[in-house]
1. Can you say whether B:Leu178 is more than 9 Å from every other protein chain (Cβ to nearest Cβ) and either over 22 Å from B:Gln265 (Cβ atoms) or touching a residue at least 60 places away in the same chain (Cβ under 8 Å) (or both), as far as the supplied structure shows?
2. Can you tell me which residue within the stretch B:256-271, out of those that are more than 9 Å from chain C (Cβ to nearest Cβ) and open to solvent by less than 30 Å² (accessible area, probe 1.4 Å), is nearest to B:Val330 (Cα to Cα)?
3. Where the second residue is crowded, with 22+ Cβ neighbours inside 10 Å and of a type in the set (S, T, N, Q) and the first is within 19 Å of C:Asn104 (Cβ to Cβ) and within 7 Å of another protein chain (Cβ to nearest Cβ) and lies in the stretch B:49-65, which pairs have Cβ atoms under 7 Å and are six or more apart or on separate chains?
4. Which of the residues spanning the stretch A:241-265 are over 23 Å from A:Thr298 (Cα atoms) and either within 14 Å of chain B (Cβ to nearest Cβ) or of a type in the set (D, E, K, R) (or both)?
5. Residues that are touching a strand residue (DSSP E or B) at 6+ places or on another chain (Cβ under 9 Å) and within 22 Å of A:Thr368 (Cα to Cα): find the helices (runs of 4 or more DSSP H) completely inside the stretch A:382-447 holding 2 or more of those.
6. Kindly list, by first and then second residue, each pair from a residue in the stretch A:138-163 that is more than 17 Å from A:Gly355 (Cβ to Cβ) and of a type in the set (Val, Ile, Thr) to a residue that is outside any helix (DSSP H, G or I) and open to solvent by less than 10 Å² (accessible area, probe 1.4 Å), limited to pairs with Cβ atoms under 7 Å and residues at least 6 apart or on different chains.
7. Among the numbered criteria (1) open to solvent by 10 Å² or more (accessible area, probe 1.4 Å); (2) hydrophobic (A, V, I, L, M, F, W, C); (3) within 26 Å of A:Leu229 (Cβ to Cβ); (4) out of contact with any Leu (no Cβ under 8 Å at 6 or more places or on another chain), which single criterion is violated by A:Ala323?
8. Please verify whether A:Ser381 is in the same structural domain as A:Tyr246 (by TED's automatic domain parsing), open to solvent by 40 Å² or more (accessible area, probe 1.4 Å) and among the hydroxyl-bearing types (Ser, Thr, Tyr), treating the condition exactly as stated.
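The values are calculated or read from the model by the stated rules, or taken from the named source; none is laboratory data. What you are looking at is a predicted structure, and each value in this text was computed from that prediction instead of being measured. All Cβ positions, glycine included, derive from the backbone under ideal geometry; neighbour counts span all protein chains shown. These area figures cover heavy atoms from the full protein model, side chains too; ligands, DNA and RNA do not enter into them. Shrake-Rupley method; radii C 1.70, N 1.55, O 1.52, S 1.80 Å.
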Amino acid sequence: MKLQRATFLAGATAAALLLSACGGGTGANSGPAADVPGADGKGEVKGDIAAAWWGGTSRIELTNKVIDMFIAENPGVTVDRQSADFAKYFDKLNVQAASKDLPCVVQLQGRQINDYTKRNVLLPLDPMVESGAIDIADIPKAVVDAGRGTDGKLYFLPYGAAYDAVGVNTTLAEQAGVGTLSEGYDWPEFISYLSKAQEKMPDGVNASNNGGGRPNYFIGWTQANGKKLFNDEGKLGFEKSDLTEYWKMWEDLRQKGVTVTPQQSSEEPTAPDQSYLAHGQVMSDTLPGNAFTPASKTLSGAAPGQALTTLPYPSGPSGSGNALYPSGFAVSANCQNIPTAAAFINYFTNDLEAGKTFASDNGAATNTKVLDAQIADPSMSATKKHELETYKKIVSEDPPTIVFPAGYQSVFENSFKRAYEEVAFGRMSVDQAADKFFDEANAKLGQ
Amino acid sequence: MSDAPAAKELTETVRPESLGTITDDGPRSARQTRRPKSRIMKSKTREAIAAYVFLIPWILGMILLTLGPMLYSLYLSFTQYDLLSDPRWVGLQNYTRMFTADPRYLKSVAVTLVYVAISVPLLLIVSMLLALLLNRNMKFLTGYRALFYLPSLMGASVAIAALWRLVFGAQGLVNQALAIFGIEHGSWVGNPDDALTTIITLTLWVFGSTMIIFLAGLRQIPKELHEAATMDGAGAIRRFISVTIPLMTPLIFFNTLMGTIHAFQSFTGAYVVSGGTGGPADSTLFYTLYLYQRGFAQLDMGYASAMAWVLLAVLAAFSAFFFWTARFWVHYGDER
Amino acid sequence: MTTTTPTRPAARTIYPTKKVTNPVLTAVIRHALIICFLVIMLYPVIWMVAASFKPENEIFNGLGLFASRFTLENYASGWSAGSLNFSRYFMNSFLVTVLSIAGNLVACSITAYAFARLEFPFKKFLFALLLGTMLLPSQVTMVPQYILFNQLEWINTYLPLVVPHWFGVDAFFIFLMVQFIRTLPRELDESARIDGCGHFRIFSRIILPLAMPAIGTTAMFTFINTWNDFLGPLLYLNRTELWTVPLGLSAFLDATSESAFGPLFAMSVLSLAPIVGFFIVSQRLLLEGVATTGLK
């Protein structure tokens, strides 16, 4: 009996697989209908939802605590919790999406959001904001806007804002006699600061990591110099000459020995807490603002006595080069329990106690009340406080909001790094590499 | 093990000398013709029925679990499929794009071919030599075997990436050892010219599985054969060539075929060492790594499926050829 | 250290033309060479074990085996890190592994027997199909398989990890056993058949005991593969209380924030222990056992 049932089931699904395959494009998945009941997030907060996020032990721990608090406040709710490390998280997410089985609540960033909005697998949150199910009153507008898709609708509610900063090993800088960078420093100042510092670096230590292959540094540079990153079709918005100028700047530093060698660059572990900066092997590097605490911790063991600080990105004619990279929760189109999903997102982002518990583990709390409460919290570590205060400063200067087109994370970042690698290893000229990058990126971006 | 006596009893009926001769002296059909015709029919049918009874689980699994997903991926290879929305039929477009408009694809083919050509023979030789070494009688044998096998036990554990950098990094073990001899060398993992070498080394490091299969085969060779050969005055090398090698050919065949298939599909080593990028500068962009990047990161599963089926076609052709060669050099115990 | 076995001196006395060397000396040299080679080969593993006893922020300070102090805190904090719970993960991994091994041994051995010893219609075709399933990279069948198991509502259960083994989806092991069984002389089953043995008896009484090395190898490889499998559990197990050891290990890594390498190495060392133990036991039983009870 049992076997028969299983056989039947499996046979049926195999048939269903093939059927659904052959009927492709019939519009069965023509996107979320805005008029499904509960699309405004109003309704009873009850029943099951699944929530997925990326992160390791500490974030699992903190997120679980917040979920437990949410369940305690809303009896009758259960949450299927799913977590994995960043890259694996997206592998799993895409497999689930293929099975039309995305978790109700999905953590995303602007860097990938449009891969999903383009394919209509997420619900716009605007109706939920209008109905009051999700509150955005205490989140700065520039931050909320980072959760918008290319169509202008809000798809994820940023709860934690990361930014990229320039991490500087102050001990090494002082030993080299270059001191600290002045407030509002620009790229030329930064470059000469690094060059000067290199003259007095200890053996085997470079003044800077190589920023040529780092998309976030490049974004900072374009923002400071008033270049457009992407055009309205989601293709590259800057000129080839902009890119070659940026790469030549780093090539110049590399050839003078100010930066690490290309071999070292490609050998470096990707996690910021294992970077050369965190091991005292370079004096400065771009560093995600929220990696300041873990990087400082690593440095304290790798080079006892040395200290790190983070500064905003260099400025330029167009102002600060800092961009925000917030993470937040989105609601999937296949979600059957939108009211609970909306309530969860709202709770996670806006509740004061939830915010205190989560303690800005993934970027600074976007809700200003939560943020202020954390900064005032005496139990917050000094490094963490520094992260939050730097964020507060950046956000007060009304940072630019970048809408990343579909394919940004998988194509732009990957191609950018590889193309510069070809230059650094001397396999291509700067112009050739720029051509290659433009071809690869424009072929896929925005699709 | 309780059945061992029964087996032993039966083995005693085997003439030991017949084990050593590997010439094809008695085709089974010749023996069968001696039986009455009706009995052959009957026993043949009975045998076929028994065979299919034995095969029930596998056939079920094949149809329900394996074939469906395989055929679905074949269908996907003719579509544009981004995982998130429904597949769209594009005919042969994925296949033609691969060979005409994708330099990274060709790069991945080149990397993989170099890897297969170097790593497979090396792996076979190293594991055979170590299996021979560990098949001797000596002290601490069990311990040695376990220790040689240890790296293979670790699988693709997350720790390996960190360990690998430690060995082949600019400040790594290898360079410190080279420095003793006054040789200076940059990073091995970080240099596009050397990165593939380190992945081949990683493959050799986990030779254990291949070695265990050889070792298990060596244990199965009856000692009497070696003793008989020794009596006939054969030296160690002679015995290896005329006794060990012929009896090992089914497993040599197996390990070569499977090693080649695995090498073509090799993913984990490059994924772990390069952090999934295939870098530096695409020097470790293995076929399946690129396939994975296309399918999962770039959401191009149609293209990835097409890549997979091209690989399947190549491997099928290779396997068919290899099976054909087997008739000339592989000797089975059931051929006597 | 006299390591020569009873059989060898006998062989030597028959052939005195061979150079007579000091057996103790050759043994010492042989062992020294092996140990040298092993140390080089295993240094990364040794380093990992050493690293698991270092204070966390000193782990990557160099290639040395010793840090400023020896500590067990990585083991303590790793074993139950917040909502992670390794006693649970080890139990789960054991469950999945044992069920997978049992499934693989049963399904693969009977399938292999049919292919190796029996004649039946479509044999060549089915064998080609068997091999064909190994040729497609698993990355592309992952998605359809997930859809299938999702339709069966097997997510958050161990069924997707275990059930396929009971249906012999691992063609590798079937092929391995076929190759092993075919090295066994056919006279064995011929004579058994003349004695009136049925196919199942031939399989269970003759082939199975003689194919112990293949059985042991299959068990060993299945243990390693299942124990280390990461992708399957990642896709199919959400709830942390269902997690297996590799999922627990990977949770120590966080590419976006802070990784816990100390606990990672500590738990990696512990997760190696069962496989090493299983290997030592199984090779005693199988590799050694067959030489004495099998074809002698």
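1. On the way: more than 9 Å from every other protein chain (Cβ to nearest Cβ): yes; either over 22 Å from B:Gln265 (Cβ atoms) or touching a residue at least 60 places away in the same chain (Cβ under 8 Å) (or both): yes.
Yes; evaluated as a whole, the condition is true for this residue.
2. Once the filter is applied, the top-ranked residue is B:Thr256.
3. B:Phe54/C:Thr111; B:Leu55/C:Thr111; B:Trp58/C:Thr111
4. A:Asp242, A:Glu245, A:Lys248, A:Glu251, A:Asp252, A:Arg254, A:Lys256, A:Pro262
5. Numbers: elements: A:382-396, A:413-424, A:430-444.
The helices (runs of 4 or more DSSP H) meeting that bar are A:382-396.
6. Listed pairs, sorted by first residue: A:Thr150/A:Gly234; A:Thr150/A:Pro405.
7. (1)
8. Values: in the same structural domain as A:Tyr246 (by TED's automatic domain parsing): no; open to solvent by 40 Å² or more (accessible area, probe 1.4 Å): yes; among the hydroxyl-bearing types (Ser, Thr, Tyr): yes.
For A:Ser381, the condition - in the same structural domain as A:Tyr246 (by TED's automatic domain parsing), open to solvent by 40 Å² or more (accessible area, probe 1.4 Å) and among the hydroxyl-bearing types (Ser, Thr, Tyr) - is not met.
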